[in-house]
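Data first, discussion second: the structure below is written as structure tokens.
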Amino acid sequence: MHIVFAASECVPWAKTGGLADVVGALPPVLVRMGHRVTTFVPYYRQVARKLPDLPTVLPSITIPFPTYQRYVRVLDGGVHDGVQVYFLDCPEMFDRESFYATPSGDYMDNWERFALFSRAVIEASKILGVPDVFHAHDWQTALIPIYLRSIYFFDPVLRKVPSVFTIHNAGYQGWFPSDTMPRLMLPWDMFTFEKLEAFDSVNLLKGGLVYADALTTVSKRYAEEIQTSEFGNGLDDIFRRRSGDLFGILNGVDYAEWDPLHDAHIAAHYCADNLKGKKECRRDLLHAFGLDHVEDTTAVLGIVSRFATQKGFDLLAGILHELVKDDIVLIALGTGEEYYERLLSELASKYPDKVRVDIRYDNTTAHKVEAGSDIFLMPSRYEPSGLNQMYSLRYGTVPVVRSTGGLEDTIVELHEGQGNGFKFHGYNQWDFLDAIRRAVATFQNKEQWEGMMKRGMEQDFSWNKPAEEYLKVYQRVIEARAWS
């Protein structure tokens with residue numbers, strides 16, 4: 001089977017979130033299972049800095065717009081873990097300081113940038129190898145399933161090629177003015193409530209949901225949640241209508257990158273059978289954040305996150321003044337909304353022996369936080385899959401999470417000597433504080449705590465099982481399209 005992945009992000013070249021991790025980790029597993037995978041990614045300025053002077057595979061693909069044309073160059077990014085990677089180069093569209101936005105807001109021509117990318121993926125695939133299935137990700141590539149069933153509907157090469165569309169976060173939808181329809185070369189009869197129209201605007205994510213042959217999202221619980229008004233972000237009706245074609249497949253973890261037994265970023269290696277290195281990693285983390293006199297009985301709470309309301313930072317803000325009264329220290333790494341960056345910085349200044357904050361994202365430090373913390377906090381308002389709770393389990397760092405999305409699917413509350421973490425259910429700051437205090441109290445029972453650590457470390461959240469589930473979805477749509 002030949003699968004084409006199209007995405008706006010892919011590690012290690014372009015990343016803002018979990019999308020990049022999935023697109024970087026899933027294809028190599030599919031290759032190891034005997035399949036051919038090609039991945040297309042925009043040639044952003046940030047990619048060009050890492051990979052300058054790539055060889056050209058196709059010097060020019062012409063992409064028409066109503067009154068002009070743009071030209072895309074296809075660059076050979078090489079074969080990585082068996083996956084052929086191509087970068088699509090159009091400097092006026094992708095040679096910018098950020099992927100999607102400036103500090104003042106989204107790029108106004110994002111519709112054009114990702115329409116260009118989506119059509120170029122299709123056109124390049126016609127030349128470089130027509131796949132058995134296209135796998136598109138999030139609104140930036142939602143136009144691939146849309147175009148396949150409109151502009152390319154009568155193309156004899158592509159008519160039988162299905163698409164799978166993965167929603168990593170239904171909160172990001174790609175909204176544009178109604179006059180974007182002709183600019184996208186789409187007919188007005190697709191601008192209806194049943195198709196791309198929403199509140200007299202074009203909603204590209206909605207279009208992808210309507211036109212893809214199958215939909216996937218990144219955990220079973222999130223697949224259920226997005227069919228409700230609370231989590232569907234206005235698209236719950238479509239998710240319900242397409243529930244027969246909607247599959248929740250939990251994201252996996254790249255254990256080549258995230259495993260304390262081999263991690264090059266941490267102070268000492270360890271595993272479930274020998275936890276000695278965990279203590280050294282804790283000392284190293286505390287030293288890195290200037291906390292050299294923390295008692296062994298004091299619980300180290302870690303956070304690696306985007307500082308945003310979606311991630312539950314409003315709950316954290318509401319309890320921090322109370323939490324610092326307990327026998328804990330809190331270490332937070334990340335960036336995000338200015339309000340929370342400022343608030344956490346102020347609290348770190350007010351409680352320097354209790355709270356330390358690093359306002360940036362740094363991969364090495366993220367590994368140190370995972371390895372050196374005792375407890376990891378993820379109080380998300382919603383979390384489609386979540387990766388950090390699975391990283392934490394592997395590193396023997398016990399998660400405290402809200403029961404939502406992938407957090408619900410992966411974390412089991414401690415009960416009668418079983419379980420791998422602590423959960424709270426209502427979106428309430430005092431429930432969150434209570435869950436933290438349950439974890440901190442259990443931390444004092446070293447035998448019980450080591451049991452939790454080892455159970456988490458022995459769990460397997462690798463990509464093998466999710467890859468098998470994706471293959472079933474691919475086969476399903478290929479067979480269905482063959483009979484259409």
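The values are calculated or read from the model by the stated rules, or taken from the named source; none is laboratory data. This is a predicted model, so every value here is computed, not measured. Because the Cβ atoms are built from the backbone with ideal geometry, glycine has one as well, and the counts that use them run over all protein chains shown. These accessible areas exclude ligands, DNA and RNA; they are computed on the full protein's heavy atoms, side chains included. Shrake-Rupley method; radii C 1.70, N 1.55, O 1.52, S 1.80 Å.
Things worth noting here:
- With respect to the chain, whose longest principal axis is taken over its alpha-carbon atoms, helix 110-128 is tilted by about 70°.
- Computed over the range 275-460: relative contact order in percent, which uses C-alpha pairs under 8 Å that are six or more apart: 21 percent
- Around the Cα centre of the range 275-460, unit charges on the Cβ atoms of Lys, Arg, Asp and Glu (plus for the first two, minus for the last two) sum to a dipole of about 180 debye.
- Cα gyration tensor, the range 247-311 - rounded (a/c under 1.5), prolate or oblate: oblate
- Cα pair count fraction exceeding 22 Å, expressed as % - the range 57-158: 33 percent
- The range 203-316: relative contact order as a whole-number percent, Cα under 8 Å and 6+ apart: 16 percent
- Long pairs among Lys50/Lys465; Lys279/Lys446; Lys276/Lys325; Lys325/Lys350; Lys276/Lys465, criterion Cα-Cα beyond 22 Å: Lys50/Lys465; Lys276/Lys325; Lys276/Lys465
- Only aspartates and glutamates eight or more places from Lys206 in sequence, or on another chain, were considered; those with a Cα closer than 18 Å are Glu112, Asp138, Asp179, Asp189, Glu194, Glu197, Glu224, Glu225, Glu230, Asp236, Asp237, Asp245.
- The amide H of Thr39, built 1.01 Å from its N in the peptide plane, has Phe5, Gln84, Val85, Tyr86 as neighbours under 5 Å, considering only residues 5 or more places off or on other chains.
- Annotation: the antiparallel percentage among DSSP beta bridges lying fully within the chain is about 35.
- Each residue of the range 152-168 was assigned a 3J(HN,Hα) from its phi angle through the Karplus expression (A = 6.51, B = -1.76, C = 1.60, θ = phi - 60°), giving 9, 4, 9, 5, x, 6, 10, 4, 8, 8, x, 10, 10, 10, 9, 9, 7 Hz with x at Gly and Pro.
- Note on Lys311: accessible area is roughly 40 Å² with a 1.4 Å probe, heavy atoms of protein only.
- Beta bridges per DSSP, both residues in the range 363-460: antiparallel share near 10 percent.
- Amide H contacts of Phe247 (H built 1.01 Å from N, under 5 Å, at least 5 apart or other chain): Leu215, Thr216, Thr217
- Residues whose placed amide H lies under 5 Å from that of Phe307, excluding near-sequence neighbours: Thr335, Gly336, Glu337
- Anisotropy class of the range 298-337 from Cα gyration tensor, a/c 1.5 cut: oblate
- Toward the positive end of the charge dipole of the chain, with +1 on the Cβ of Lys and Arg and -1 on the Cβ of Asp and Glu, the farthest Cα among His135, Ala101, Gly248 is that of His135.
- Cα gyration tensor of the range 87-126 - equivalent ellipsoid semi-axes, whole Å, descending: 22, 10, 6
- Shown here for the range 257-305: GluC sites (Glu not before Pro) in loop regions (DSSP other than H, G, I, E, B) with at most 13 other Cβ atoms within 10 Å, namely Glu295.
- Share antiparallel - DSSP beta bridges, the range 275-460, percent rounded to 5: 10 percent
- Projecting the Cα atoms of Val22, Gln459, Pro162 onto the charge dipole of the chain (Cβ charges, centred on the Cα centre) puts Pro162 farthest toward the positive pole.
- When the P(r) is computed for the range 266-381, the part past 20 Å accounts for 38% of the Cα-Cα pairs.
- Positive-end extreme of charge dipole, the range 227-382 - chosen from Cys271, Phe313, Val324 (charges on Cβ): Phe313
- Heavy-atom accessible area per residue - the chain, 1.4 Å, Å²: 40 Å²
- Backbone geometry of the range 373-385 corresponds, through the Karplus equation with coefficients 6.51, -1.76 and 1.60 at θ = phi - 60°, to 3J(HN,Hα) couplings of 7, 8, 10, 10, 9, 9, x, 4, 4, 8, 8, x, 10 Hz, x marking Gly and Pro.
- Anisotropy class of the range 275-460 from Cα gyration tensor, a/c 1.5 cut: rounded
- On Cα atoms only, tilt of 276-288 relative to the major axis of the chain in degrees: 80 degrees
- Near Gly24: Cβ cut-off under 11 Å, other residues only, Lys/Arg at +1 and Asp/Glu at -1. The net charge is -4.
- Working note: Karplus 6.51/-1.76/1.60 with θ = phi - 60° gives the range 331-341 the couplings 10, 10, 10, x, 9, x, 5, 4, 4, 6, 4 Hz, where Gly and Pro are set to x.
- Centroid-to-centroid separation of the range 70-90 and the range 421-484 [C-alpha atoms, Å]: 34 Å
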